[in-house]
1. For the stretch 38-60, name all the residues that are more than 27 Å from residue 77 (Cα to Cα) and not in a helix (DSSP H, G or I).
2. Being in contact with a strand residue (DSSP E or B) (Cβ under 8 Å, 6 or more places away or on another chain) and either surrounded by fewer than 16 Cβ atoms within 10 Å (Cβ to Cβ) or at pLDDT below 90 (or both) is the filter here; which residues of the stretch 30-58 pass it?
3. So, in the stretch 8-27, of the ones that are at pLDDT below 95 and in contact with a helix residue (DSSP H, G or I) (Cβ under 6 Å, 6 or more places away or on another chain), which residue ends up surrounded by the most Cβ atoms within 10 Å (Cβ to Cβ)?
């Protein structure tokens, strides 16, 4: 049975989040990525496999090397999900501002 992964599983791991940041700047090989971590190339390859399964990274063969690029469009799922909470936070902060303004008025 194939495990179905989503973008949230991809970003759940701090190493994968760091890989995403690196891939946002340029396409990189697994060896180049591994140089940024105190881990094996095999461990980085496992993270890249998960990112690929989640459609956040895209492998492309160039000669003998495989370069990975970030599929930034997929990151919109995260933003869309967070947007609903952003609206709640903004509403609560506005309510807090009103409470604080009323408290200041009462002190005068």
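1. 38, 39, 40
2. Selection gives 58 alone.
3. Restricting to residues being at pLDDT below 95 and in contact with a helix residue (DSSP H, G or I) (Cβ under 6 Å, 6 or more places away or on another chain), the top hit is 10.
The values are calculated or read from the model by the stated rules, or taken from the named source; none is laboratory data. Treat the numbers as computed from the prediction; the structure is a model and nothing was measured. Cβ sites come from the backbone with ideal geometry, for glycine too, and all protein chains shown count toward neighbours.
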